[in-house]
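K.L.:
Got a structure here, written out as structure tokens. Questions coming.
The values are calculated or read from the model by the stated rules, or taken from the named source; none is laboratory data. On a predicted model such as this, the values are computed, not experimentally measured, just so you know. For neighbour counting, all protein chains shown are included, and Cβ atoms are generated from backbone atoms with ideal geometry for every residue, glycine included. What goes into the accessible areas is simple: the full protein's heavy atoms, side chains included, and nothing from ligands, DNA or RNA. Shrake-Rupley method; radii C 1.70, N 1.55, O 1.52, S 1.80 Å.
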Amino acid sequence: FTTLLYTIKFEEVMKQTVEEVIVSLGNFGNTQLITTLVFSLYQFIACVVAFSVSIFLKVPEWDCDSQKCSELTIKSGGKEISIFCQLTQQDYIWHDRTNIASEYGVYCDNAYLAALSITYYFVGYAIGTTLLGVSADKYGRKAVAVPTLALYTLVTVLVSSSSSYNQFLILRGISGVLHGGLQNVTHVLQAELIPPKYRNTCNTIKEGMFGFGLTISALMLYYITSWRTVFTILAILLVICTLVVGKFLPESPFFFAGKGVLKLLFGTEFD
């Protein structure tokens with residue numbers, strides 16, 4: 001009798017689409033909770049990685065260490081930036097911190113180089129969205145997400161230890177490629193693992209973390225004086241994301257359905 005019931009239930013499932021099967025399973029369980037939490041954390045990290053650089057490329061506060069400053073102040077009418085750009089490194093000292101701008105000399109005549117960091121990042125982002133999106137359709141959402149997260153972590157570590165601005169720019173471009181790809185892959189994987197009843201709520205939480213990240217990152221960057229320390233902390237958080245996704249999240253059932261795996265397992269196709 002039990003066998004007969006299972007047979008009837010199995011035949012009912014075979015008549016459903018993949019979406020209908022997910023709906024029938026229905027409840028918001030541990031997998032869905034972990035998916036929402038880990039991808040929300042990733043979204044926060046990606047926000048800080050993308051936009052904290054614009055803060056670290058501002059010229060930090062400085063103190064004049066030369067009589068030359070007084071003379072220039074009178075001539076410039078008190079415009080500090082005009083004074084600063086006429087000084088040599090022997091004429092001033094940084095007030096309380098250094099950042100990307102001060103370390104690599106990205107100010108005054110080289111100030112235009114600061115914009116390249118954002119440009120490289122988002123050109124890479126556009127490339128990654130296309131390339132890794134196609135790869136996820138071909139090889140699997142999780143199969144692409146895990147190694148991409150691992151590479152994103154590695155590149156973030158390398159950014160924190162970069163020794164020149166050219167090296168920094170190249171790594172920013174690569175980081176943008178990985179971020180763009182992950183943005184698509186994580187969104188799709190989350191949507192395909194969560195039942196429709198909860199999908200919009202979970203996606204809202206995930207996407208909302210990007211805006212939340214902007215607010216928190218401003219506070220975090222106020223208290224953490226070293227940009228290299230910030231990127232090291234972000235890399236540690238990315239390690240956690242990578243391990244959780246690799247260990248706890250399954251592959252998307254929609255990907256399996258599209259590749260005919262369910263037909264191989266059950267002898268029938270799902271729509």
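K.L.:
Tell me, Kirkwood radius of the range 154-211 from alpha-carbon pair distances, in Å? Please list the in-between numbers first.
P.N.:
Numbers: mean 1/r = 0.0749 Å⁻¹.
Here the Kirkwood hydrodynamic radius works out to 13.3 Å.
K.L.:
Can I ask one more? Holding the Cα-Cα limit at 32 Å, pick out from K138/K197; K58/K142; K206/K247 the pairs that are longer than that.
P.N.:
Result: K58/K142 exceed 32 Å.
K.L.:
Moving on. If you roll a 1.4 angstrom probe over the protein chains with everything in place, what fraction of the accessible area of the range 147-258 belongs to carbon and sulfur, to the nearest %?
P.N.:
Accessible surface attributable to carbon and sulfur in the range 147-258 totals 72 percent.
K.L.:
Compare the Cα positions of L178, S164, C202 along the charge dipole of the range 134-232 (+1 at Cβ of Lys, Arg; -1 at Cβ of Asp, Glu; about the Cα centre) and return the one farthest towards the positive end.
P.N.:
C202
K.L.:
Same structure again: Where the centre of each part is set by its Cα atoms, how far does the range 139-164 sit from the range 196-258, in angstrom?
P.N.:
About 13 Å separates the Cα centre of the range 139-164 from the one of the range 196-258.
K.L.:
Taking a probe of 1.4 Å, how large is the accessible area per residue of the range 156-197, in Å²? Don't skip to the answer; put the middle values down first.
P.N.:
Values: 1380 Å² over 42 residues.
Per residue, the range 156-197 has 33 Å² of solvent-accessible surface.
K.L.:
How far apart, in nanometres, would the label points at Y198 and K247 be if each is projected 7 angstrom from Cα along the Cα-to-Cβ direction?
P.N.:
2.1 nm
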